[in-house]
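This report refers to the structure that appears directly beneath it.
The values are calculated or read from the model by the stated rules, or taken from the named source; none is laboratory data. Bear in mind that the values here come from a model prediction, so they are computed numbers and not experimental data. Cβ coordinates were reconstructed from backbone atoms using ideal geometry, including for glycine residues, and neighbour counts include every protein chain displayed.
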Amino acid sequence: MKRVLMGIGTAAGAFALTACGTSTAAQTPVAPAAVQAPAAGGAGGGVAAASTATPRCTTADLEVLLGKPAEKNDAPGQYDIPLTYRNTTDHTCGLYGVPGVDLVGPDDATFGPVYHLPRIDNGVKYNEVTAGTTASATITVLKPAAGEPTWTPAKLNTIPPGSTSALTAQWPADLPVLRQDAATHPGSYVNGILADPA
């Protein structure tokens, strides 16, 4: 069955893209309705800072780990990948909101080498991460179906909420992503941060 991905331009930093794409997949899983475009400059976003004396975690406080992709039971072809931040300091810091995530790979003829993932603010409203512990967001991506263009990122750049500099992780070499940069409800996006179990 042929599906048509109709997109409108979305803001990603100072760039505006408009395009329409056609593909042959039978079904396109899409993001939930509450999608946010990446903030200017790619900085992590989300909820406003809570009233607390605990400072937010900065990029310098954290390391990032990318977990194993798992196909969603209710959306074949759509995968969830844990994006875990570990507090590498000796102090507690706050980590909440939605991180910025850019997938970086080959130079796509239409969209270029960077895929700015839209964000969904569905994480915890406030979260403290003690020294040595973690908090995670989930990246959801849509794989190309048979006959659709294949684009496989080489790495992921992520900016923790409230920060302006990025951490980098290698992308799984066997996980291509369908580019939907201009779609109104793309099947690839990043979710808000959740507290990890103690």
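Checking each residue in the stretch 122-137 for being part of a strand (DSSP E or B) and in contact with a Leu (Cβ under 7 Å, 6 or more places away or on another chain) picks out V129, A135, S136, A137. In the stretch 67-101, the residue that is modelled with the highest pLDDT out of those that are surrounded by fewer than 18 Cβ atoms within 10 Å (Cβ to Cβ) and hydrophobic (A, V, I, L, M, F, W, C) is A70.
Here V114 passes the criteria (1) over 18 Å from G67 (Cβ atoms); (2) modelled with pLDDT under 95 except the one numbered (2).
Can you go through V177, V129, V124, V114 and tell me which one is without any contact (Cβ under 8 Å) to a residue 60 or more places away in the chain and surrounded by 15 or more Cβ atoms within 10 Å (Cβ to Cβ)? Step through it out loud before you land on a result.
On the way: V177 fails: without any contact (Cβ under 8 Å) to a residue 60 or more places away in the chain; V129 fails: without any contact (Cβ under 8 Å) to a residue 60 or more places away in the chain; V124 fails: without any contact (Cβ under 8 Å) to a residue 60 or more places away in the chain.
Unique residue meeting the criteria: V114.
Filtered by the rule that a residue be over 17 Å from P82 (Cβ atoms), of a type in the set (F, W, Y) and under 13 Å from the mean Cα position of the chain (by Cα), the stretch 137-192 gives no residues.
Scanning the stretch 108-119 for residues that are touching a Phe, Trp or Tyr at 6+ places or on another chain (Cβ under 9 Å), under 15 Å from I159 (Cα atoms) and either among the small types (G, A, S) or part of a strand (DSSP E or B) (or both) yields a total of 3.
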